[in-house]
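Read the figures in this text as sums done on the coordinates, not as results from a lab. Values in this document were obtained by computation on a predicted structure and should not be read as measured data. Cβ coordinates were reconstructed from backbone atoms using ideal geometry, including for glycine residues, and neighbour counts include every protein chain displayed.
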Amino acid sequence: MRRLAILVMAMVLAGGATASAQLRPSPRTQPIAPAQELAQFRALEKSFAELAPQRRGVVDAYVLSVALWDQHVFQNEAEGAASVLAQRFNAAGRTIVLSNGAGEGVARRYGGARPSEVGAALARLGEVMDKEEDVLVLFMTSHGLPDGSIGVQDQFRSYAIFPTVLRSSLDEVGIKNRLVIVSSCFAGAFIPALQSDTTMVFAAAAHDRTSFGCVPENDWTYFGDAFLNQTLRQNRTLQSAFDTAKVLIQSWEARDNIRPSLPQSYVGPNTQAITAAMTGRAK
């Protein structure tokens, strides 16, 4: 756990300057009230305590859905993604939502999504899961940064999570089977860092492209809407849903006359556990 704590702190130290420089929050933003901080801490503790145990003989999936930026579009997308993924992976009782909020003046309902809290959630899932046979489904939504990191904003505080640090944290907690979905600009940068034989990664854009639909008042980004809200609700495999979502996104981008985001995917050669979790097959 000491090494994990160091890795989580690295997320904060390495990401803070980059995020602040490129996606600076409004100077009018006020610090979170102590009562709100306490409520988020209690919500995080509650979500950890209520996780259902791993079931012997079943490939269980555990879903962690994270809204890293404090805007409505990201919290709504994380909520929707958690619902869709929990249903597709039979993960009721095994799903955690983290959010940095839905904007100023909106009460916080979830545990926070700062790097330290994301790291703590991964560590808690590593305690509960059968790390060799169960599946982690990690969904992250936020603004992406040109350096390949994903931005984190919690009112007046800004950070970033880098792909290599996320990979190190996943390795540290020892979860073998991983499905990672990243909804952000430049999300393709996560694919090289996260590749393994037992990992799938679906990213909203190529490493050098922006994605779209992330204005605060939207309920979904283009990628989240197409992949999670529409095609993954259907009885499709992950890759089929992703391929269909790409076509849908391309049509929206052509309609809007914007540069294509080019969503990316990677499927490791030994991802049978992920398929088994989706279909409810036993080990």
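Computed from Cα atoms alone, the Kirkwood hydrodynamic radius reported for segment 197-258 is 12.4 Å. Using only the Cα atoms of segment 223-283, build the gyration tensor, take square roots of its eigenvalues as a ≥ b ≥ c, and label the shape rounded, prolate or oblate: rounded if a/c is under 1.5, else prolate if a/b is larger than b/c, else oblate. Prolate. Counting every pair of alpha carbons in the chain, the share spaced more than 27 Å apart comes to 33 percent. Proximity of backbone amide H atoms, modeled 1.01 Å from N, is registered between MET200 and ARG178, LEU179, VAL180, GLY268 at under 5 Å, excluding neighbours fewer than 5 places apart on the same chain. Counting only DSSP beta bridges with both residues in the chain, the antiparallel share comes to about 30 percent. If you take the square roots of the eigenvalues of the alpha-carbon gyration tensor of segment 40-114 and sort them as a ≥ b ≥ c, do you get rounded (a/c under 1.5), prolate (a/b over b/c) or oblate? Taking the square roots of the gyration eigenvalues as a ≥ b ≥ c, segment 40-114 is oblate.
Under the simplified labelling scheme, the LEU38-ARG233 pair shows an inter-label distance of 4.0 nm, with each label point 7 Å from Cα along Cα→Cβ. Per-residue extension of 0.36 nm, minus the Cα-Cα distance of GLU132 and VAL267, leaves a gain of 46.8 nm for this segment. Shape class for segment 167-270, computed from the alpha carbon gyration tensor (a ≥ b ≥ c): prolate, with a/c not under 1.5 and a/b above b/c.
Bridging of LYS46 to aspartates and glutamates at a Cα separation below 16 Å is possible for GLU37, GLU117, GLU127, once same-chain residues fewer than 8 apart are set aside.
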